[in-house]
Amino acid sequence: MSLFCSTGAPTPKCLCVSEKAKLIGAADGMFPDFGHHSEREMGGLWMHPIKVLDGFWLRFRDEKADQVDTWIIADRFFCLPHKNVFDYGANLGHTRVTIRQERLAPESAPGVVVRYRFTNHDDEPRAVTAELMVRTELYPVWYSMDSGAYQDGPDEGAWEAETGTFHAKDRDNPWFAGVQCQTPPTRVRTGQFFGPQQTAGQGISASFLYEMTLAAGEERVLTFYMTGSAVSRDEVEDNLALLSSGRDFEQEKQARYDRLLGRSRLSVGEPRLEEVWQWIKINTDWLTVDAGPFGRALAAGLPEYPWWFGCDNCYAIQGLLAMGEYRLARETLKLLADYSDRVNGNGRVVHEITTYGLCSNPGNTQETAHFVTAVWHYWRWTGDATLVEELLPFLGKAMAWLKAQDDDGDLFPSGYGIIEIAGLNAEMIDSIAYTVQAWQCYGEMCRAMGRPSEAEEAERMFRLSREALERSMWDEEMGSYCDAYASPAFVRSRRETILGRRRERTPEMEQAFDAVLARKTGPEDAEVGFLINGNWTLATPMETGLAPEARAARALAYLNTSDFVGPYGIYLNALDKGAMMTISTGAVAVAQARYGYGDRALELIRRMAATFGMANPGMMSEMSPDYGCVCQAWTAYALFVPVVRHMFGIQPVAGEQRIDLTPAMPSAWPAAELTHVRVLSGEISLRYQRRDNGYTMTVETESCPAVRLCLRDGQRAEAAGAAAEGGWLDIPLDASGKAVVTVTNKQADQA
């Protein structure tokens, strides 16, 4: 499983990563400076919470070809799940020697292994010179210096011939780098010099020169081990010992991905979509960051967001569950709760935590509510009541904090939602919908954990806040929920701020904004629902399943128009009709599929998946089609949740030891399979076959509890020994855990 890229301009980025190491460069083998969080410092080798190297470069000369020394640039790049491969041919001139570079970041040894394979294709010996230059940059993760916690110092380093190792240290901090040469070089130099790219920072360079004679047909391999530590030089030595131990790291890495790719396997007759499905599992795994004493959890995105977010993970964790990655989901939830308690202490969930444990934003309103629901999803999928019991006191504080954000008694919390519209920290639809959902989820967890009084209060708040949502946030004329609940005076005061952030402000936008205000005829200071921007978050009442069927039908039809649907998914807002993101597309796909509109959901997924590989082979960009982080965690939500939870309809109910099936299969899939889905303590596999008047569903389980099927209006179902009751069909499984169900549409029978 690999993807090929011919390098060119603009050159894609490439990732060679493990949980401990993130090596980020370009597909031509170079390491250009880039990044806006830490300006010009987001590439290179990171071993969180520090950066270790700016990069490394190879200079080559073939004496027989009478060639000048050349800093080589790859002309072909292969993106594999477990390693990077670069071929150098067209850029080497007239030499008969080819070069291949391979990079691998082992999981069992912190750091990277870099190999250069030199092959002489001539029938005579070739005398060649190869020089590898590395540049350190011992530098802390973003916000470390802005917060005053750390200050970067100059790097100092020296070569140790007896161990074949170049060691470096930040003069002012306990940050260390080590580069070890498996083969002793002919000559070594260190100091302040650069290769083909002059990088920023206060690093130090080392070069390792090799003079070699390659016999006819000979291949020579030079191997280098690169690592670092934010703790001690001894840890660098330990890492180098592991990297150079001779273990088959490639086989270990391939086994990791075989396990990952074997779960939740999709077969729907669309090879491209199935390929994207598998690569998103890999991309998500690439985002796991183990920062040692600061924690292990899923990061938001590479290369710009390699740390931990509340908002992003409340989405992404749901994707992890659908992939069967329970441990990572658990550790991520636990990390967010622990840091939130440490930083805020009042139940508010942090927005982002760096890998040095520093918080730059204490949290938006939306993510506190969303976190409660993420814990509930984790419990429903895994049956892990231990984590729920451990986190329940924190969740209680979270709900109390949300309740306190309702400063005017309308049951809606104030503050920024996920969109973070400048100046519009009002009562936003996503914060409102997610808070209503959080009351429901919190109440269910309290009841299951033996806290009836807390459960009753949560259930009361759920009923009241849901009624308020329907009463105040529905726009009957537009057939849609509103963006925000605010007074005309408040919205008017934010007019310039909201319009000013548009990519291209036009008279039509201004007229549309003013028309929204003109529709509000009540008092200037009375809060009402406003459909200001047409943000994608209008889908959240349907995404959460809160909207009544009739309203959901109208709102989802509205979201399926050209005002919202762009070439690569859902626009961030209907006013601008510009940027699209995987999360906006995914959330609307979830909403459509949840209410039975599988065809609409599939169309959105296809649009989103069309962006795969546009900017970088093997990856789907955060901003559709080709902008932002090249690898983004919440894409796992955008792809896996609509398909697993709603198209195939797998809905575990851990508290009742049951799996509910609520399918909304697209008509474009006459046959579809989703196999080896991890659920509770077992697995479930589903196979659908469409028929003229319905479909046949084969259920296969392993160590799974009871299974039942939701029958939509106008459907009846048959299975051996089964009987439908109250819109559900309890599915008896045979001794092998298998059952076949036939679903018939009554209308088709009558026709």
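Rule-based calculations on the coordinates, nothing more; no lab input. Keep in mind that this is a model prediction, so the values were computed, not measured. Every residue, glycine among them, receives a Cβ derived from its backbone with ideal geometry; neighbour counts consider all protein chains shown.
What the table shows:
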read-out	value
Convex hull of the range 655-743 built on C-alpha atoms - directionally averaged projected area, nm²	5.9 nm²
For the range 208-254 versus the range 705-738, the gap between their alpha-carbon centres in whole angstrom	57 Å
Sequence-separation-based contact order of the range 63-196, relative, with Cα cut under 8 Å and 6+ spacing, percent	14 percent
Sequence ranges 368-379, 237-248, 127-138, ranked by mean other-Cβ count within 10 angstrom, highest first	368-379, 127-138, 237-248
Rounded tilt (10° steps) of 429-448 against the dominant C-alpha axis of the chain	80 degrees
Separation between Cα centres of the range 521-587 and the range 182-205, rounded to whole Å	53 Å
Sum of -39500 (n - 2.57) over DSSP H runs of 4+, divided by residues of the chain (222 nm, nearest 500)	-9500 deg cm²/dmol
Burial ranking of peptide ranges 437-444, 108-115 (average Cβ count within 10 Å, highest at the top)	437-444, 108-115
Check: the chain dipole with +1 on Lys, Arg Cβ and -1 on Asp, Glu Cβ, in debye	980 debye
Angle between the chain longest axis and helix 549-559 axis [Cα atoms, degrees, rounded to 10]	40 degrees
Nearest-0.05 FRET efficiency for ALA557 and THR506, computed from C-beta distance (R0 25 Å)	0.40
Relative contact order (%) - the range 409-475, alpha-carbon pairs under 8 angstrom, separation at least six	29 percent
Sites VAL221 and ASP172 - FRET efficiency at Förster radius 60 Å, r taken between beta-carbons, to 0.05	0.95
Protection-proxy order for peptides 264-274, 344-354, each taking the mean of Cβ atoms within 10 Å per residue, highest first	344-354, 264-274
Cross-link table LYS403/LYS577; LYS20/LYS51; LYS20/LYS83, entries beyond 23 Å C-alpha to C-alpha	LYS403/LYS577
Share of alpha-carbon pairs per 10 Å distance bin for the range 116-176, given as whole %	17, 30, 22, 17, 10, 4, 0
Cα-based reach from LYS334 at 17 Å (exclusive), listing aspartates and glutamates while leaving out same-chain residues under 8 positions away	ASP290, ASP312, GLU325, GLU352, GLU367, ASP384, GLU389, GLU390
Spacing of the two label points (7 Å from each Cα toward its C-beta) at GLU331 and THR98, in nm	3.9 nm
Calculated FRET efficiency for the pair THR696/ARG492, C-beta based, R₀ 56 Å, to 0.05	0.45
